[in-house]
Amino acid sequence: MKRPIRWFTFAAPSRFYWLAGLLNPWLWLIAAGLALAGLYVGFFVAPTDATQGESYRIIFIHVPAAWMSMVLYLAMAFWAAIGWMFNARMASMLARAIAPTGAMFTFLALWTGAFWGKPTWGTWWVWDARLTSELILLFLYLGYIALVASIDDVVRGDKAGALLAIVGAVNVPIIYFSVRWWNTLHQGATISMTAAPKMAHTMLIAMMLMTFAFWAYAFATVFTRAQALALERERDTDWVRDLALARKER
Amino acid sequence: MNWSSWSDFFSMRGYGLYVWGSYVVTAALMLAEPWLVGRHRRQALRSAADPALQEASS
């Protein structure tokens, strides 16, 4: 008889810590391997773009970073909400652990976008819908990080952060659909569920390899940061004491 | 192969500043963050092992 996997088991910080420690080395390996493959295809296999020349190669990091910035925000809001609703400690810690990585990808999306905008549009920055809403996303991340850090009571901090994260989630569909709802300088979606991709095959492969590399990277960094948060918050519990002592004796 | 020479590759045929300006910053941040996060975790483990440190930081 097959026993079903009880996923709620990993809501316990001690078990989460163990699972994250088990997965992390593999996640780092996958991230590095996919990134190397993606960079190789992106620079040495994918052809030069007919209209944009070599500058288009920024797409291999720009689009994955922008996707991650939005996905991570939704993940942060989701776990913050779960933590709030069910009083789940590990979920709240996960939300806090996601924020810095999400902020970093948002910054990278803006930064690489600026370096792509300059040669193609002639400007580093314009106040158009896509760029402005992505900038607001960065401020939401930074606001969340500052808010939870400023409240000494961790449970109250988690709740205040959850409120901000959930309300701010409305910005994500605005970013995503901004290129359709408004006239913007930014080009439309590169790939969509309904139409064939408007790019060469090898370009798409490079972009997807980099996207999966960024996914693995995000999982690994978030898991490691969540481990650190769990150790700090649960330092008075037996499992942390045992772990710390076991490390000392080695 | 896309590149006829290394200088062709490094200059990105005139787009070197933009392409490498994007990639270098991305690489720097994506190497720095795992390092910082790993250090954070090791410090948390160390302070959990040391009762004196625990009282000082809490």
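A short reminder: the numbers here are calculations on the coordinates, not readings from a lab. Since this is a predicted model, take the numbers as computed values, not measurements. Note that we place each Cβ from the backbone using ideal geometry, even for glycine, and neighbour counts take in every protein chain shown.
What does the average come to when, for each residue of peptide A:98-104, you count the partner chain Cβ atoms lying within 10 Å of its Cβ?
2
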> Which Cα, out of A:135, A:184, A:78, lies furthest along the positive dipole direction of chain A (beta carbon charges, K/R +1, D/E -1)?
Replying inline: A:78
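Quick test of the membrane-span-like rule: which DSSP H helices of chain A reach at least 30 Å along their long axis (C-alpha atoms) with mean Kyte hydropathy at least 0.0?
On the way: long enough: A:13-40 (39 Å, 1.01); A:59-86 (40 Å, 1.65); A:89-121 (47 Å, 0.58); A:129-150 (31 Å, 1.58); A:201-233 (48 Å, 1.00).
Qualifying helices: A:13-40, A:59-86, A:89-121, A:129-150, A:201-233.
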>> Sort A:73-80, A:208-215, A:164-171 by the packing proxy (mean of other Cβ within 10 Å over each peptide's residues), most packed first.
In response: A:73-80, A:208-215, A:164-171
>> With the cut-off at 1.5 for a/c, could you classify region A:98-250 from its C-alpha gyration tensor as rounded, prolate or oblate?
In response: prolate
>> To the nearest 20 Debye, how big is the dipole of chain A about its Cα centre, given +1 on the beta carbon of each Lys and Arg and -1 on that of each Asp and Glu?
In response: 560 debye
> For peptide B:35-44, how many partner chain Cβ atoms fall within 10 Å of a residue's Cβ, on average?
Replying inline: 6
> What's the extension gain from residue A:149 to residue A:199 if we count 0.36 nm per residue and subtract their Cα-Cα distance?
Replying inline: 13.7 nm
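Assign one of three labels to the protein assembly as shown, namely rounded, prolate or oblate, based on the Cα gyration tensor with a ≥ b ≥ c the square roots of its eigenvalues; rounded applies when a/c is under 1.5, prolate when it is not and a/b is larger than b/c, and oblate otherwise.
It comes out prolate by the Cα gyration axes.
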> For labels at residue A:180 and residue A:139 in the simple 7 Å Cα→Cβ model, what's the distance in nm?
Replying inline: 2.6 nm
>> Taking each residue in A:221-229, count the Cβ atoms of any other chain within 10 Å of its Cβ, then average. What number comes out?
In response: 5
>> Among A:106, A:223, A:244, which residue has its Cα furthest toward the positive end of the charge dipole of the protein assembly as shown, with +1 on Lys/Arg Cβ and -1 on Asp/Glu Cβ?
In response: A:244
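Grab the DSSP H runs of chain A that are 4 residues or longer, score each as -39,500 (n - 2.57), total them, divide by all residues and round the 222 nm result to the nearest 500 deg cm²/dmol. Please list the in-between numbers first.
On the way: 8 runs with 182 residues, N = 250.
Per the formula, -25500 deg cm²/dmol.
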>> When a/c reaches 1.5 or more, the comparison of a/b and b/c decides; with that in mind, is region A:119-184 rounded, prolate or oblate per its Cα gyration tensor?
In response: oblate
